[in-house]
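The values are calculated or read from the model by the stated rules, or taken from the named source; none is laboratory data. No experiment lies behind these values; they were computed from the predicted model shown. Cβ placement follows ideal geometry from the backbone for every residue including glycine, while neighbour counts extend to all protein chains displayed. Remember, those area values only see protein heavy atoms, side chains included, never the ligands or the DNA or RNA. Shrake-Rupley method; radii C 1.70, N 1.55, O 1.52, S 1.80 Å.
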Amino acid sequence: MYDLIRENQLSLMLVLCGVCATTAFLLTITKFLSDSRRKILIMMEIIAFFLLWFDRQAYIYAGDVSETGYVMTRISNFAVFFLTSAIVMGFNMYITDWLLNEGGMKTVPRRLKFVQYVSLIGLLMTIISAFTDLYYYFDDMNIYHRGDGFLIAYIVPVFCPIIQFSVIRDNRDRFRKLIYDSMFLYIFIPLIFGIVQIFTYGISIVNMAMVAVSVFLYIFTYMDINDVVIKAHETEIRSMRDERIKMRNLFDQTAKAFVSAVEKKDEYSKGKAVKVANYSRRMAALNGKSDQECEEVYYSALLHDIGLIGIPDSVLNNATDPAKEDREIMKKKPLIGKEILSSITEYPFLSQGAYYSHERYNGSGYPEGLKGEEIPEIARIIGIADAYVTMTTKKRYREAKPDFLAREAMVKGGGEEFDPKYAELMVKLIDEDYNVNASEDDGRIEDEISCSEYRTAITKGVAIENEITRVTFSCSPSEDKKESDFSAPSIILFDSYDRRVHENEKAIDAYKYIEYGEVWFDKHSIQTAARKIIGKTVNREAGAETGGKGNVYEILVGRYEDHIKINMTSPEYEKEVIVALQSSSNAASLAITGENCNVTCIKVEKTGRKIEESDIPRIAEEISFTDRIESDLKNIQVDTPRALSTDGIEITDKLLVTFHTRSLPGSNLVWHCPYFVIFSSEDGRVDGENYREYAVIKLYGENDGNTAHADNSIEMKRTEEFPGWDGWKNANLSGFECDVYLRRKKEHIILKTFNLGIEVNNVTTIKENPDKVFVAITGDRVALTDIRVR
């Protein structure tokens, strides 16, 4: 390696001189450094350039006995020793400048002052050496030789950098990492080569190393400034982002405060705007809108009802169904909202939401009667969210609709009142919220109630299912009970969408409330909508076990199909009750109430045991709607969503399935109809071994979307033959023949059906490659008979 460097060192020196000169030039046009540091770095690069230049000249003229050679060798060697001390002095100035300006020091460290003095002495010693041959001398052939004091010349370039590094190390926290690293290299690389130079003659590795690290000093400085600029930019961006967040929060708080002030005009509107805004933003996000677009939708929805501020209180507070005059006044709300929000010119979408959100997809809305995509997209989104929240919010003149009915309105309104794409997304959000709420609903009810007159307080209902549920509580007479007053708890058997007992006529209609009967713990019971209630009561023997308390009551309840069995235990009686419901598709709940009593310590728990058919004696004949002709597959009656499915039918190149469908009595929602499940399994059965579900397609044109194993694309059209949704539901209740066409093309399953004016086309793209794919028919509250496969 040394031989290679020795042979090429003149060329290396020339290259390094060029690099050094280029670096000095770049420093002259550099703007990102302070003036003092830039001048020091230029000085250091110039010193390094001449140090290596004269070192190269010394080698070139060594042994040249001409007059020029005589002069050049002496000037060159003098310059090399002189500039070696000068470059140490320059680096000392560089460190000092950094500590005073960037490092924040007030005074120059004493060690750096000492180095500065020693460097000056080194310069003087070089001058003295030129006349005394202390460091070097030349023989008659003009050849350079080390003098007796040669090692003295290494005091400045060896020991001074060590002192400088001690200062750098002690003040490390004042240097940024890249600057610290560059100084470390600047000191120790020449130092290492300097020690090697003592024992190596004929090669200037120290000077070349010093030039190299001088160049790297600039490069590392540039990199450091680049990091500083990047960090400053990031800080500025972060500051701007924080400022934007603050402004957005301020706008958000201002808008919500404004909305809250407007909503105070109508107590039933409290919180409505935020709900509409949240649903609107979720729909926009589900449709792939950007964060910025979702925010625009959110705030436009938040302020869409701002026109209420101009509606008279007499209209908003009307407790009866709005008259025509009131409805006409309410139609001014979009105009008022637009007028208010149009002044916010930076956000024109705000006024769009307020003005157009009551337009309807079929042109039946107001104020301009726009239809389809003539309505701004942001308003189509808000219109759907507003309709849903309005339906599910209680008004003075009506009860809130349950989510089921609002969902049905979205399904029925898609393509009519509402943009079909966003109506479908709203249905998905409703289902998502329902699943979340269902997972959080663990069946718990109130811990206690206090009843004065009969049914003045009633718990929420406990769902009666095939698995037996245990309900226990304590009961004691009310404190204000008179001696002649009757006091006892009782239970109410009923069905409603919200598992609450309702007595208000509008609530009964809204929640489809059905009361089957009332049962007391003694011999009394009242039958209402149930087909039959039979109870058997026995007196408990004195001293019979009551769990250590004389006021403990226990209920064990479960069902099998359309029959309910209840075992009731009180301090005085043991009672068994059998209830026959209208049909097995009817849901049922049990609520606790009473008269002149306090019911406390109410607990509900699942027992893990299920009611078998043999556990309940049948007290009313079985009602079956499958008593029709049976063809290729067994007839089934599906009482609850997907409770039963037919055997799977393998889908081949072409398949036609024909069957008779009839919705069960009491069915009142559009999804009380047949569903088609596309799947694969080892035995061709739904939920069979290695079951993979690819699609669930409902007769009215809805699917459950993509699954983990397949993607689905559905198209639903309503033709002129469509009788309207009420007519469609009535036709389902009467029953009709249904045809379904299926075809498999590699990974694609195509399903088509046309019934009662509804045309459904669904394409399922399977992500895997199963040998066999099946279709099974299921549904909700529907009887499927005479199933034929061709």
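Just to be sure I understand the filter: pairs with C-beta atoms under 6 Å, separated by 6 or more residues or on different chains, first member in the range 189-212 and under 17 Å from GLN57 (Cβ atoms) and open to solvent by less than 20 Å² (accessible area, probe 1.4 Å), second member acidic (Asp, Glu) and modelled with pLDDT of 65 or more. Which pairs pass?
These pairs meet every condition: SER204/ASP55; ASN207/ASP55.
Looking only at residues in the range 758-772 that are in contact with an Asp or Glu (Cβ under 7 Å, 6 or more places away or on another chain) and of a type outside the set (D, E, K, R), which one is most open to solvent (accessible area, probe 1.4 Å)?
My answer is ASN769.
Tell me which of these GLU613 doesn't satisfy, since it passes every other one: (1) out of contact with any Pro (no Cβ under 6 Å at 6 or more places or on another chain); (2) touching a residue at least 60 places away in the same chain (Cβ under 8 Å).
(2)
Criterion first (within 27 Å of PRO723 (Cβ to Cβ), of a type in the set (Phe, Trp, Tyr) and modelled with pLDDT of 85 or more) does TYR422 satisfy it? Give the derivation first.
On the way: within 27 Å of PRO723 (Cβ to Cβ): yes; of a type in the set (Phe, Trp, Tyr): yes; modelled with pLDDT of 85 or more: yes.
Spelling it out, TYR422 is indeed within 27 Å of PRO723 (Cβ to Cβ), of a type in the set (Phe, Trp, Tyr) and modelled with pLDDT of 85 or more.
Of all residues in the range 296-335 being in a loop (DSSP other than H, G, I, E, B) and open to solvent by less than 30 Å² (accessible area, probe 1.4 Å), which is modelled with the lowest pLDDT?
ILE311
Is at least one residue of the range 763-770 part of a loop (DSSP other than H, G, I, E, B), in contact with a Ser or Thr (Cβ under 8 Å, 6 or more places away or on another chain) and over 22 Å from ASN668 (Cβ atoms)?
Checked against the condition, which is being part of a loop (DSSP other than H, G, I, E, B), in contact with a Ser or Thr (Cβ under 8 Å, 6 or more places away or on another chain) and over 22 Å from ASN668 (Cβ atoms), the range 763-770 yields at least one hit.
Is it true that some residue in the range 468-480 is assigned to a strand (DSSP E or B), of a type in the set (Phe, Trp, Tyr) and either closer than 21 Å to VAL599 by Cβ or open to solvent by 90 Å² or more (accessible area, probe 1.4 Å) (or both)?
yes
Which of the residues that make up the range 620-637 are assigned to a loop (DSSP other than H, G, I, E, B), farther than 19 Å from LEU581 by Cα and under 47 Å from the mean Cα position of the chain (by Cα)?
Those that are assigned to a loop (DSSP other than H, G, I, E, B), farther than 19 Å from LEU581 by Cα and under 47 Å from the mean Cα position of the chain (by Cα): LYS634, ASN635.
Step by step: first the residues of the range 262-287, then only those that are without any contact (Cβ under 8 Å) to a residue 60 or more places away in the chain and more than 27 Å from GLU399 (Cβ to Cβ), then the one that is surrounded by the fewest Cβ atoms within 10 Å (Cβ to Cβ). Which residue is that?
So, considering only residues that are without any contact (Cβ under 8 Å) to a residue 60 or more places away in the chain and more than 27 Å from GLU399 (Cβ to Cβ), the one surrounded by the fewest Cβ atoms within 10 Å (Cβ to Cβ) is ALA285.
One line per residue, one yes/no per condition, for (1) surrounded by 20 or more Cβ atoms within 10 Å (Cβ to Cβ); (2) of a type in the set (Val, Ile, Thr); (3) within 30 Å of LYS231 (Cβ to Cβ):
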| residue | (1), (2), (3) |
| --- | --- |
| HIS145 | no, no, no |
| PHE150 | no, no, no |
| PHE159 | no, no, no |
| GLN164 | yes, no, yes |
| ASN171 | no, no, yes |
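State which residue pairs qualify: first residue open to solvent by 40 Å² or more (accessible area, probe 1.4 Å) and inside the range 724-737, second residue among the aromatic types (Phe, Trp, Tyr) in any location, beta carbons under 8 Å apart, and separation of 6 or more residues or different chains.
That search, which allows pairs on different chains as well, returns GLU737/PHE659.
If I filter the range 382-393 for residues that are at pLDDT below 95, open to solvent by 70 Å² or more (accessible area, probe 1.4 Å) and not in a loop (DSSP other than H, G, I, E, B), do I get at least one hit?
The answer is no, given that none of the residues of the range 382-393 is at pLDDT below 95, open to solvent by 70 Å² or more (accessible area, probe 1.4 Å) and not in a loop (DSSP other than H, G, I, E, B).
I'm trying to understand the selection: among the residues of the range 493-514, which are within 16 Å of TYR397 (Cα to Cα), part of a loop (DSSP other than H, G, I, E, B) and open to solvent by less than 70 Å² (accessible area, probe 1.4 Å)?
Listed by number, the list holds a single entry, TYR511.
Taking the range 744-757, which residues are over 36 Å from the mean Cα position of the chain (by Cα) and either surrounded by 16 or more Cβ atoms within 10 Å (Cβ to Cβ) or β-branched (Val, Ile, Thr) (or both)?
Scanning the range 744-757 gives ARG744, THR753, PHE754, ASN755, LEU756, GLY757.
Quick one: in the range 13-38, of everything that is under 16 Å from MET208 (Cβ atoms) and not hydrophobic (A, V, I, L, M, F, W, C), which residue is least open to solvent (accessible area, probe 1.4 Å)?
In this case the residue turns out to be THR23.
Mind listing whichever residues of the range 360-402 are in contact with a helix residue (DSSP H, G or I) (Cβ under 6 Å, 6 or more places away or on another chain) and acidic (Asp, Glu)?
Residues satisfying the conditions are ASP386, GLU399.
Considering only the range 173-188, state which residues are open to solvent by less than 40 Å² (accessible area, probe 1.4 Å) and out of contact with any Ser or Thr (no Cβ under 9 Å at 6 or more places or on another chain).
Residues satisfying the conditions are PHE175, TYR180, MET183, ILE187.
What residue, of GLY443, GLY415, GLY461, is in contact (Cβ under 8 Å) with a residue 60 or more places away in the chain, surrounded by fewer than 17 Cβ atoms within 10 Å (Cβ to Cβ) and either touching a His at 6+ places or on another chain (Cβ under 6 Å) or not hydrophobic (A, V, I, L, M, F, W, C) (or both)?
So the residue among GLY443, GLY415, GLY461 that is in contact (Cβ under 8 Å) with a residue 60 or more places away in the chain, surrounded by fewer than 17 Cβ atoms within 10 Å (Cβ to Cβ) and either touching a His at 6+ places or on another chain (Cβ under 6 Å) or not hydrophobic (A, V, I, L, M, F, W, C) (or both) is GLY443.
List the number of the failed condition for SER476; all other conditions in (1) closer than 22 Å to SER570 by Cβ; (2) at pLDDT below 90 hold.
(2)
Scan the range 39-47 and tell me whether some residue there is over 16 Å from THR22 (Cα atoms), in contact with a helix residue (DSSP H, G or I) (Cβ under 8 Å, 6 or more places away or on another chain), surrounded by fewer than 20 Cβ atoms within 10 Å (Cβ to Cβ) and touching a residue at least 12 places away in the same chain (Cβ under 8 Å).
Scanning the range 39-47, I find no residue that is over 16 Å from THR22 (Cα atoms), in contact with a helix residue (DSSP H, G or I) (Cβ under 8 Å, 6 or more places away or on another chain), surrounded by fewer than 20 Cβ atoms within 10 Å (Cβ to Cβ) and touching a residue at least 12 places away in the same chain (Cβ under 8 Å), so the answer is no.
Looking only at the range 738-758, count every residue that is under 19 Å from VAL773 (Cα atoms), touching a residue at least 24 places away in the same chain (Cβ under 8 Å) and of a type in the set (Val, Ile, Thr) and tell me the total.
Number satisfying all stated conditions: 3.
Can you tell me which residue within the range 773-790, out of those that are outside any strand (DSSP E or B) and closer than 16 Å to THR652 by Cα, is most open to solvent (accessible area, probe 1.4 Å)?
ARG790
In the range 94-108, how many residues are open to solvent by 20 Å² or more (accessible area, probe 1.4 Å) and touching a Leu at 6+ places or on another chain (Cβ under 9 Å)?
Matching residues across the range 94-108 total 5.
Which residue pairs have Cβ atoms under 9 Å apart, sit 6 or more places apart or on different chains, and have a first residue in the range 224-248 that is in contact (Cβ under 8 Å) with a residue 40 or more places away in the chain and a second that is open to solvent by 100 Å² or more (accessible area, probe 1.4 Å) and part of a helix (DSSP H, G or I)?
Correct list of pairs: ASP224/LYS177; ASP227/LYS177.
When residues of the range 657-688 are filtered for being open to solvent by 20 Å² or more (accessible area, probe 1.4 Å) and in a strand (DSSP E or B), how many remain?
2
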